[in-house]
Amino acid sequence: ETSGTGWGNAVTVSIEDGVAWVTMNRPDKRNAINPAIVREMTAVFDALEADDAAEVIVITGAGDAFSAGQDLKEYFRETESWPPHERDKLFAQNAAWQWRRTMFYRKPTIAAVNGWCFGGAFQILIGCDLAIASDDATFGLSEINWGIIPAGIVTKSVSMVMSQRDAMYYIMTGETFDGKQAAEMKLVNKSVPADQLRAEASKLAQTLRAKNPNVLRACKTAYHHVRQMGWEQSLDYLMAKSDQTTFRDKSRGAEKGMSQFIDEKKYRPGLGAYDK
Ligand code: ACO
């Protein structure tokens, strides 16, 4: 595990086989998100964006928690006395890394939910492109239990990935659910026994690594944008995005893919990726 320049030890990063493991590292506080995590995550995302060794990002937590959400003491209570513009800046920076950055990041992002996942941590979970949980992870929209609504952008996030019945049920009851249930309701892609979480997340990361990164980037951006558009705008946007992606792809992936199938008869695109 390494701590790079620009951040302290609230977040650790280790890069292995093209995958950057970004770990929220306040296990004693169940990785509750305090201003240090916000600052360090921002620095980590900046650094990894520029680092070619990091092709896929996996976000996880140290100890028995993914993250217990926003730090009630350091993120909420202690910042009440901050100058309002400083507090606004912190909140904006938090939104930036937790969902806007993960969602529109230049590289694929995977959440590996290893344990407790509450409140604000749903923003990270849902911001990430894909998610794997351990069967015994515990999820909860616990805001109701301490008298606030799921704010930040938690309610919006859950409304995008959970069914109305599930979202309303868990928002209103604050009841917890486990990784298996999260997989059944498709809040995560799948859940696995805890001792297989790392291997499963690695496997998924390696699958993504084998794809064309320029196209992956365009796919995720396009998905999020067309969800908010009408059909006619979506068609026009997607055709333009497709041209842009092909035009900007220095590796000329689409040409290779077509040629390896039609001319060389080297592979079957229905069953796997072309050779980059
Ligand atoms: N904010 C601040 N401190 C926290 C948080 C949090 N969200 N979660 C845990 N901690 C701290 C505890 O205060 C405690 O600190 P201390 O050792 O200095 O007393 C330490 O982490 C360990 O917490 P315990 O409660 O002792 O750990 P336990 O394993 O028994 O329980 C659990 C873990 C279930 C996660 C519990 O800590 C909890 O309910 N945390 C709050 C979860 C939550 O509701 N998060 C807020 C969501 S709302 C939002 O994010 C906007």
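The values are calculated or read from the model by the stated rules, or taken from the named source; none is laboratory data. None of the values given here were measured: they were computed from a predicted structure. Don't worry about glycine lacking a Cβ; one is built from the backbone with ideal geometry, like all the others, and counts go over all protein chains shown. Keep in mind that these areas ignore ligands, DNA and RNA; they rest on the heavy atoms of the full protein, side chains included. Shrake-Rupley method; radii C 1.70, N 1.55, O 1.52, S 1.80 Å.
Taking all protein chains in place and a 1.4 Å probe, what share, in percent, of the accessible surface of region 90-167 do carbon and sulfur account for?
Ligands and nucleic acids excluded, carbon and sulfur give 60 percent.
Given axes a ≥ b ≥ c from the Cα gyration tensor, I'd like to know whether region 203-242 is rounded (a/c under 1.5), prolate (a/b larger than b/c) or oblate.
prolate
Once amide H atoms are built 1.01 Å from N in the peptide plane, which residues 5 or more positions from Ala65, or in another chain, come under 5 Å H to H?
Answer set, sorted by chain and number: Trp116.
Quick check: pseudo-label points 7 Å beyond the Cα along Cα→Cβ at Asp17 and Ile148, how many nm apart are they?
4.0
Under the rule of -39500 (n - 2.57) per DSSP H run of 4 or more residues, summed and divided by the residues of the chain, what mean residue ellipticity at 222 nm is obtained, to the nearest 500 deg cm²/dmol?
So the calculated ellipticity at 222 nm is -12500 deg cm²/dmol.
Given the options Gln93, Gln123, Gln244, which has the most mean-square fluctuation in a GNM of the chain, springs set between C-alpha atoms less than 10 angstrom apart?
The residue that fluctuates most here is Gln244.
Give me the Å³ per residue figure for the convex hull around the C-alpha atoms of region 62-119.
93
Ordered by packing density, taken as the mean number of other Cβ atoms within 10 Å over each peptide's residues, highest first, how do 105-115, 16-26 rank?
105-115, 16-26
Considering all alpha-carbon pairs of region 199-276, what whole percent are spaced by more than 16 angstrom?
Summing the P(r) of region 199-276 above 16 Å gives 60 percent of all pairs.
From largest to smallest, what semi-axes in whole angstrom does region 126-218 give when each is the square root of 5 times an eigenvalue of its alpha carbon gyration tensor?
For region 126-218, the semi-axes come out at 27, 17, 10 Å.
Heavy-atom accessible area per residue, the chain, 1.4 Å probe: how many Å²?
Each residue of the chain exposes 53 Å² on average to a 1.4 Å probe.
State, as an integer percentage, the relative contact order of region 51-127 based on alpha-carbon contacts under 8 Å between residues 6 or more apart.
55
How many percent of the accessible area of region 22-81 is carbon or sulfur, using a 1.4 Å probe?
Ligands and nucleic acids excluded, carbon and sulfur reach 45 percent.
How far apart, in nm, are the 7 Å Cα→Cβ label points at Val161 and Trp231?
Placing both labels 7 Å beyond Cα along the Cβ direction yields 2.9 nm.
Could you give me the ³J(HN,Hα) list for region 155-167, computed from phi with Karplus coefficients 6.51, -1.76, 1.60 and θ = phi - 60°, whole Hz, x at Gly and Pro?
5, 4, 4, 5, 5, 7, 10, 9, 5, 4, 5, 5, 4
For the chain, restrict the atom set to alpha-carbon positions and state the Rg and Dmax in Å.
For the chain, the Cα radius of gyration and maximum Cα-Cα distance read 19.6, 68 Å.
If the viscosity is 0.890 mPa s and the temperature 25 °C, what Stokes-Einstein diffusion coefficient in µm²/s follows for region 145-276 when Rh is the Kirkwood radius over Cα pairs?
133
Can you pull the one-decimal nm distance between simple spin-label points at Ala240 and Ser81, each 7 Å off the Cα toward Cβ?
5.1
Could you give each residue of region 232-239 its phi-based ³J(HN,Hα) in whole Hz, using Karplus coefficients 6.51, -1.76, 1.60 with θ = phi - 60°, and x for Gly or Pro?
For region 232-239, the Karplus curve yields 5, 5, 5, 4, 5, 4, 5, 5 Hz.
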